[in-house]
Structures are given as structure tokens and as C-alpha cells.
1. Which of the residues spanning the range 65-87 are open to solvent by 20 Å² or more (accessible area, probe 1.4 Å) and either closer than 24 Å to Glu5 by Cβ or of a type in the set (Lys, Arg) (or both)?
2. Would a scan of the range 95-109 turn up a residue that is aromatic (Phe, Trp, Tyr) and open to solvent by 50 Å² or more (accessible area, probe 1.4 Å)?
3. Which residue pairs have Cβ atoms under 7 Å apart, sit 6 or more places apart or on different chains, and have a first residue in the range 53-76 that is closer than 18 Å to Val104 by Cα and a second that is in a helix (DSSP H, G or I) and open to solvent by 70 Å² or more (accessible area, probe 1.4 Å)?
4. Which of (1) under 21 Å from Thr19 (Cα atoms); (2) in contact with a Ser or Thr (Cβ under 8 Å, 6 or more places away or on another chain) does Tyr101 not meet, given it meets every other one?
5. Filtering the range 39-54 down to residues that are over 13 Å from Ala83 (Cβ atoms) and modelled with pLDDT of 95 or more, which residue is least open to solvent (accessible area, probe 1.4 Å)?
6. Suppose we filter the range 17-51 for residues that are assigned to a strand (DSSP E or B), of a type in the set (A, V, I, L, M, F, W, C) and without any contact (Cβ under 8 Å) to a residue 24 or more places away in the chain; how many remain?
7. Being of a type in the set (Lys, Arg) and either under 18 Å from Val74 (Cβ atoms) or modelled with pLDDT under 95 (or both) is the filter; apply it to the range 1-38 and report the residue that is surrounded by the most Cβ atoms within 10 Å (Cβ to Cβ).
Amino acid sequence: MTMDELIAYCAGKPGAEETYPWGDAELVCKVGGKAFAFIGLDGHTVGLKCGADAEAAAPWRERFPDDITVSGYVGRYGWNTVALKGSVPDDDLLELVDGSYEAVVARLPKKKRP
């Protein structure tokens with residue numbers, strides 16, 4: 001999956017918005033004001049919510065140890081960083097994006113849900 005395809009997929013989610021809170025190197029896709037994907041444009045990575053906590057997100061890291069790692073700062077909350085040029089198949093990457101989006105939407109107040 002290319003970076004452009006990933007961005008288009010994330011941006012196509014209902015209620016999704018693209019933001020650049022830390023400059024042009026990182027795109028943050030949000031829904032209802034909450035992030036569901038941290039896309040590293042220079043590093044070709046994406047940070048996604050993969051579980052309720054680091055332990056729940058561990059199976060993805062165990063499955064793809066070279067390409068999925070704990071996200072810095074937010075990893076303890078179940079966020080993993082996925083290398084886009086790695087061995088993670090597109091279907092699995094899309095499943096992770098969908099799961100991250102759905103997890104964030106589920107925690108939004110009903111009035112902010114798309």
C-alpha cells in the first residue's frame with residue numbers, strides 16, 4: 001500500500017479530518033476531534049490504536065516483529081507503529097486502520113459520532 005492510498009483510505013472514513021499539528025512531517029487523521037491514525041510522511045509509518053492497552057496490542061507486534069512496534073508515548077494505551085514498506089499485507093493494514101477508527105468512534109460522545 002502506498003502512502004497516498006493510506007491517506008486516501010483514512011480521509012475517506014466518515015467524519016475524518018486531516019490535521020498537521022506538528023508540522024508537515026506528520027499527518028494526524030481525526031474523527032470527532034480525536035486521533036485515529038498518526039501518519040509519518042517522512043518515515044513511511046502509521047501509528048494506530050490496536051488494542052485497549054499495550055498487552056492487547058501485542059499480538060500484532062508478535063505477528064510482524066520487524067514491522068510493528070510499540071508507539072512512542074502512547075504505546076501503553078494500545079497504540080502500535082506500522083512500517084508501510086514492510087511485510088504487513090494490505091488487508092491487515094486496512095483491518096488495523098478500521099479497528100483504530102472504530103475504537104476511537106466508540107469512545108466519542110454520541111453527538112460527536114459521524
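1. Once the filter is applied, which keeps residues that are open to solvent by 20 Å² or more (accessible area, probe 1.4 Å) and either closer than 24 Å to Glu5 by Cβ or of a type in the set (Lys, Arg) (or both), the range 65-87 yields Asp66, Asp67, Thr69, Arg76, Trp79, Thr81, Ala83, Leu84, Lys85, Gly86, Ser87.
2. Initial filter on the range 95-109 (aromatic (Phe, Trp, Tyr)): 101.
Retained after the next criterion (residues that are open to solvent by 50 Å² or more (accessible area, probe 1.4 Å)): none.
The answer is no, given that none of the residues of the range 95-109 is aromatic (Phe, Trp, Tyr) and open to solvent by 50 Å² or more (accessible area, probe 1.4 Å).
3. Close Cβ pairs (under 7 Å, with a partner that is in a helix (DSSP H, G or I) and open to solvent by 70 Å² or more (accessible area, probe 1.4 Å)) amount to Asp53/Arg76; Asp53/Tyr77; Ala54/Arg76.
4. Result: Tyr101 passes all but (2).
5. So the residue we want is Cys50.
6. Qualifying residue count for the region: 3.
7. Step one: list which residues in the range 1-38 are of a type in the set (Lys, Arg), which gives 13, 30, 34.
Right, trim to either under 18 Å from Val74 (Cβ atoms) or modelled with pLDDT under 95 (or both) and you get 30, 34.
Numbers: Lys30: 17, Lys34: 14.
By that ranking, first place goes to Lys30.
The values are calculated or read from the model by the stated rules, or taken from the named source; none is laboratory data. Fair warning: this is a prediction, and the values are worked out from it, not measured in the lab. Counting neighbours? That spans all protein chains shown, and the Cβs are built from the backbone with ideal geometry, glycine included. Just the protein is used for accessible areas: all its heavy atoms, side chains included, with ligands, DNA and RNA removed. Shrake-Rupley method; radii C 1.70, N 1.55, O 1.52, S 1.80 Å.
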